[in-house]
Amino acid sequence: MNLRVREATRDDAKLIAELTRAAWAGKVSVTSSGHRETAVIVAEHLRDGGGFVLEVDHQAVGSVRWLPLDSAQDVWEVCRMGVLPGHRGNNLSQHLLEAVIHHGLASGVEEVRLAVRADQPKLIDFYAAYGFELAEELEYSHANPLEPAPRVMRRLLRH
């Protein structure tokens, strides 16, 4: 298996929107805004933050994005991480998460945050294995108001 994680470009906006919708179908609550992802939204995220595309054998199978907080540019929120159904169970999402962490370290970011949806509590242990801790006092700035508030986890990159 030839695995590659590459930084996303503006030209990837349509691809990432398609990957997000396909990865979230049947996996994430239908009320999630990820099911209505568009290339325009992705392009804005890539412009304001960034993203990575995961390829297996030269085929895109997953993606992730991050956005800096409006109130703190050195704090990133991870958003829309997903891997296509046919490629799950191979621990591929860890490569996307690690790419964001390493890029944050190289960029001098203070902290990386992510949200765990109320209907996906198993992910708390997954993210904890990568140094993320629950931060109940924080709110996720991209939370969907139509859904229960997600739990925020954080990983400090600089002490």
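The values are calculated or read from the model by the stated rules, or taken from the named source; none is laboratory data. Because the structure is predicted, anything quoted here is derived from the model rather than measured. All Cβ positions, even for glycine, are placed from backbone atoms using ideal geometry, and neighbour counts span all protein chains on display.
Pairs linking a residue in region 131-149 that is closer than 18 Å to residue 72 by Cα to a residue that is surrounded by 13 or more Cβ atoms within 10 Å (Cβ to Cβ) and of a type in the set (D, E, K, R), with Cβ atoms under 6 Å and 6 or more positions apart or on different chains, are 135/154.
The residues in region 81-116 that are part of a loop (DSSP other than H, G, I, E, B) and farther than 27 Å from residue 59 by Cβ can be counted, and the count is 4. Residue pairs whose Cβ atoms lie under 7 Å apart, separated by 6 or more positions or on different chains, with the first residue in region 3-15 and over 21 Å from residue 92 (Cβ atoms) and the second of a type outside the set (Phe, Trp, Tyr), are 10/43; 10/46; 13/39; 13/42; 13/43; 13/46; 14/39. Only one of the listed residues (110, 55) is acidic (Asp, Glu), in contact with a Lys or Arg (Cβ under 8 Å, 6 or more places away or on another chain) and farther than 22 Å from residue 11 by Cβ. That residue is 110.
Being surrounded by fewer than 20 Cβ atoms within 10 Å (Cβ to Cβ) and touching a Lys or Arg at 6+ places or on another chain (Cβ under 7 Å) is true of residue 43.
When restricted to residues that are over 12 Å from residue 80 (Cα atoms), aliphatic (A, V, I, L, M) and at pLDDT 90 or above, region 1-32 contains 5. For residue 37, the requirement of being among the acidic types (Asp, Glu) and either buried (at least 18 other Cβ atoms within 10 Å of the Cβ) or within 15 Å of the chain's Cα centre (by Cα) (or both) is met.
With respect to residue 136, is the statement that it is over 22 Å from residue 17 (Cα atoms), more than 16 Å from the chain's Cα centre (by Cα), surrounded by fewer than 18 Cβ atoms within 10 Å (Cβ to Cβ) and not aliphatic (A, V, I, L, M) true?
yes
Look at (1) part of a strand (DSSP E or B); (2) on the phi > 0 side of the Ramachandran plot and you find that residue 67 fails only one, number (2).
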